[in-house]
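Please read the structure below before turning to the comments.
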Amino acid sequence: MNYQHVLLLGAGTIGKGLLKIGKRQLSSFETISVLDLEPMPESCHNGYKNIDVHVGDAEDLDLLTYLLKPASKRAVVINLCSGVDAVRIRSHLGMLGNAAYLDTSAGLLPDRSQDPFDSLMNYNHTYIDSTYPQWICWGMNPGLVEIVARRLMLEGNTNSDREHCVTIYEHDSLDTATKSGKLGVGWSPRELIEEFMITSNIEIKNGEFVQDERRGSQPIEVCWGDEIINSRMVAHEDIWNLGLLPEVRSARFTYALSPGVMEVLSGPVAVARERLEVPEEDVPLIGKDRIAVQVLNGSEEEKCLIWETDHAAVWTQHGVNAVQYQVCKGIQAALELLQYSELGLLGGTYCASTLPLNQGDWQMMEKVFSLNGIDWRYRDAPSLETPC
């Protein structure tokens, strides 16, 4: 094993989900620490040995130093906090010198904003001089979708730069009311509102980053089989990250939720903040989360992989919704690689698009996907109303 200690920052929707379904990975560490702004219910850490829970701020650098001692133990820090300056945390870890780092999203700029998006992503990719790896944006999307896109591009067996068009589609049909009568969503309503209603859409066009001048996401129709889904073109970290690859000519992300949620997200921000909520853990769920990764090469040859997860099935089996499940699978896959492969000791700052992978690494990636039930399948791709 490469690491002996794990520190989980943030026990919110995704953090609690990881504690439920990531026991095999987390239990591979000798000791586990959890840090959150709020006390964590005892039920969340039952079944773990050598776990300690702390209340505090993930950006309290003195507290991070304390939690990562003794220095003789190499640690992995998993940052699942929303609303923090992740680069500030990463810089401190680089200085401490005994920890790898993993997160699932871009976090905040130093001024506590997320806009403009290009400034956020440039800042998020700040290189940290760290002995151990720092993996940023390693969830589902961003994260696993980038690995899948890279795999599909390799299958295309082409050599020309700026040749591939990548489209990431997500359709989350979760249709569940919370106990208070609000509309259920699978992850942070605050972050969802930021994506849909505030941050301008971004795309990669002809190898260049392009941000829409209009505020918020932009409507577009997507055909999933015979079903026409009213969707949005949304700014997303995976699209920026894919744009770092020389073989990507264009990239974009489309996102749709249940009709009721989409209607709320088309109205005033203040109303959306009042109407959306993650369902309580004992509320039965209905719907599926479908994610597709489509790649077109220069010869217009298309390949597509789709992963479909049923909310009710994973809620019944694991006590999580499909969004939690898929994001946690990205974290679990990353932990496997950090803990058991040479990649886990490769110093540097990487996202899933830029992590260097040789043939042996790709073979291990396939094993990790299979071991963790990451179930991508070849299907016909969804289609947009406009060509790539």
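The values are calculated or read from the model by the stated rules, or taken from the named source; none is laboratory data. This one's a predicted model, so the numbers in the text were calculated from it and none came from an experiment. We place every Cβ from the backbone using ideal geometry, glycine too, and count neighbours over all the protein chains shown.
Could you list, in sequence order, all residues of the range 301-350 that are on the phi > 0 side of the Ramachandran plot and not in a strand (DSSP E or B)? Explain how you work it out, then say what you get.
Of the range 301-350, the ones on the phi > 0 side of the Ramachandran plot are 319, 348.
The answer is 319, and nothing else.
Among what's in the range 207-247 and is among the charged types (D, E, K, R) and in a loop (DSSP other than H, G, I, E, B), pick the residue that is modelled with the lowest pLDDT.
226
Taking the conditions exactly as written (surrounded by fewer than 20 Cβ atoms within 10 Å (Cβ to Cβ), among the acidic types (Asp, Glu) and modelled with pLDDT of 95 or more), does residue 342 satisfy them or not?
Criteria met by residue 342.
Restricted to the range 281-298, and to residues that are in a loop (DSSP other than H, G, I, E, B) and more than 18 Å from residue 178 (Cα to Cα), which residue is modelled with the highest pLDDT? Among them, the one singled out is 297.
When the range 85-135 is filtered for residues that are in a loop (DSSP other than H, G, I, E, B) and either over 26 Å from residue 344 (Cβ atoms) or assigned by TED's automatic domain parsing to the domain that holds residue 204 (or both), the ones remaining, listed by number, are 108, 109, 110, 111, 112, 113, 114, 115, 116.
Within the range 234-267, take every residue that is among the acidic types (Asp, Glu) and out of contact with any strand residue (DSSP E or B) (no Cβ under 8 Å at 6 or more places or on another chain) and give me the one that is surrounded by the most Cβ atoms within 10 Å (Cβ to Cβ). Explain how you work it out, then say what you get.
Here is the first cut: in the range 234-267, the residues among the acidic types (Asp, Glu) are 237-238, 247, 263.
The next check asks that each one be out of contact with any strand residue (DSSP E or B) (no Cβ under 8 Å at 6 or more places or on another chain); those that pass are 237, 263.
Details: 237: 27, 263: 14.
In this case the residue turns out to be 237.
Specify the residue that is surrounded by the most Cβ atoms within 10 Å (Cβ to Cβ); the eligible residues are those in the range 356-385 that are assigned to a loop (DSSP other than H, G, I, E, B) and assigned by TED's automatic domain parsing to the domain that holds residue 134. By that ranking, first place goes to 357.
Each row is one residue, and each column tells you yes or no for (1) in contact with a His (Cβ under 8 Å, 6 or more places away or on another chain); (2) of a type in the set (A, V, I, L, M); (3) assigned by TED's automatic domain parsing to the domain that holds residue 363.
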residue	(1), (2), (3)
256	yes, yes, no
274	no, no, no
278	no, yes, no
284	no, no, no
290	yes, no, no
306	no, yes, no
310	no, no, no
335	no, yes, yes
